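The structure under discussion appears below in the form of structure tokens.
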């Protein structure tokens with residue numbers, strides 16, 4: 001096996017030890033070449049087309065790798081590996097990829113590939129795990145400067161800060177062409193899940209499967225202060241779908257339009273949008289995952 005390991009050597013801190021562990025483990029069973037500057041990702045992929053790329057990082061790192069492969073037209077031909085050293089690691093959690101660096105590296109060496117769906121938007125963007133708009137994106141914005149100090153706890157703190165301030169957005173939402181929000185009633189949050197969790201384990205779409213050809217959609221109308229607090233408490237436990245002011249759907253095309261609303265895709269904040277459509281591409285890319293992952297696993 002010939003690997004191209006994409007990592008960020010400038011991150012520093014405790015991740016240095018984890019990265020060394022990952023590289024030592026991979027070198028036990030593969031020919032390893034490292035790309036230590038994520039800005040060189042595109043040129044590294046082009047220079048080493050015979051190597052299987054491995055993202056060492058979080059959902060954002062994996063997102064960048066899959067986006068680069070999509071731009072090169074290589075998604076269907078070039079599987080990717082993932083060693084989750086990020087803050088959230090939500091897709092890894094959903095796929096059963098171990099969070100322990102050595103164990104995750106061994107999953108890469110085992111070489112079992114799983115075909116997964118991909119969300120694409122009408123501006124050329126991609127989503128591997130989940131995208132959400134509204135208060136969840138605001139929470140991520142509040143959490144970003146806290147991550148170096150609080151790690152996963154930063155998400156919880158950001159959620160509290162955003163939840164106290166949010167008043168909702170007037171949005172029109174359609175799933176496969178069927179309106180599910182008409183723009184008159186304010187929406188606190190709308191999420192589209194290929195994976196099950198966001199923010200380091202919050203089960204936004206706990207029934208989602210990343211290989212069934214459909215995205216799970218959750219829309220929360222919980223905009224009053226008591227409703228926001230209640231929604232937040234149940235969301236952390238994955239019980240928010242039981243609320244009367246929360247609706248869930250499944251579909252292959254989701255459009256959100258209306259007031260400018262913040263967006264978070266795979267843990268990365270983007271500019272506020274007034275209209276965006278996401279479409280599911282079934283089985284569009286492949287990842288190395290534990291064989292017990294279920295449907296879509298091949299040797």
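Here are some notes:
- Residue 182 in contact with a strand residue (DSSP E or B) (Cβ under 9 Å, 6 or more places away or on another chain), in a loop (DSSP other than H, G, I, E, B) and farther than 11 Å from residue 248 by Cα: no
- For region 45-61, the set of residues classified as outside any helix (DSSP H, G or I) and at negative phi consists of 48, 49, 50, 51, 52, 53, 54, 55, 56, 58, listed by residue number.
- Filtered residues of region 253-294 (kept if assigned to a loop (DSSP other than H, G, I, E, B) and outside the structural domain of residue 209 (by TED's automatic domain parsing)): 289, 290, 294
- On inspection, residue 99 passes the criterion of being closer than 14 Å to residue 201 by Cα and surrounded by fewer than 17 Cβ atoms within 10 Å (Cβ to Cβ).
- Each residue in region 111-122 was checked for being under 16 Å from residue 54 (Cβ atoms) and surrounded by fewer than 16 Cβ atoms within 10 Å (Cβ to Cβ), and 1 pass.
- Selection count where residues are part of a helix (DSSP H, G or I) and farther than 22 Å from residue 211 by Cβ, scope region 88-110: 6
- Only a single item in (1) crowded, with 17+ Cβ neighbours inside 10 Å; (2) touching a helix residue (DSSP H, G or I) at 6+ places or on another chain (Cβ under 9 Å); (3) at pLDDT 70 or above; (4) over 15 Å from residue 276 (Cα atoms) is not met by residue 163, and it is number (3).
- Whether a residue is over 30 Å from residue 107 (Cβ atoms), touching a strand residue (DSSP E or B) at 6+ places or on another chain (Cβ under 7 Å) and modelled with pLDDT under 95 was assessed, and residue 262 passes this test.
- Residue ID - farthest from residue 249 (Cα to Cα), chosen from residues in region 185-203 that are crowded, with 18+ Cβ neighbours inside 10 Å and out of contact with any helix residue (DSSP H, G or I) (no Cβ under 7 Å at 6 or more places or on another chain): 186
- Residues that are free of Cβ contacts under 8 Å to residues at least 60 places away in the same chain and out of contact with any strand residue (DSSP E or B) (no Cβ under 7 Å at 6 or more places or on another chain) within region 79-97 comprise just one, 84.
- Test: residue in region 265-282 that is closer than 16 Å to residue 116 by Cβ and in contact with a helix residue (DSSP H, G or I) (Cβ under 8 Å, 6 or more places away or on another chain): yes
- Yes/no for residue 81 being touching a helix residue (DSSP H, G or I) at 6+ places or on another chain (Cβ under 8 Å) and surrounded by 20 or more Cβ atoms within 10 Å (Cβ to Cβ): yes
- Hey, residue 253 surrounded by fewer than 18 Cβ atoms within 10 Å (Cβ to Cβ), closer than 28 Å to residue 66 by Cβ and at pLDDT 95 or above or not: yes
Listed here are the residues, each with its yes/no results for (1) over 26 Å from residue 270 (Cβ atoms); (2) at pLDDT 95 or above; (3) surrounded by fewer than 23 Cβ atoms within 10 Å (Cβ to Cβ).
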position: 19; (1), (2), (3): yes, no, yes
position: 27; (1), (2), (3): yes, yes, yes
position: 45; (1), (2), (3): no, yes, yes
position: 48; (1), (2), (3): yes, yes, yes
position: 51; (1), (2), (3): yes, yes, yes
position: 54; (1), (2), (3): no, yes, no
position: 60; (1), (2), (3): no, no, yes
position: 88; (1), (2), (3): no, no, no
position: 104; (1), (2), (3): yes, yes, no
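The values are calculated or read from the model by the stated rules, or taken from the named source; none is laboratory data. Since this is a predicted model, take the numbers as computed values, not measurements. Cβ: placed from backbone, ideal geometry, glycine included. Neighbour counts: every protein chain shown.
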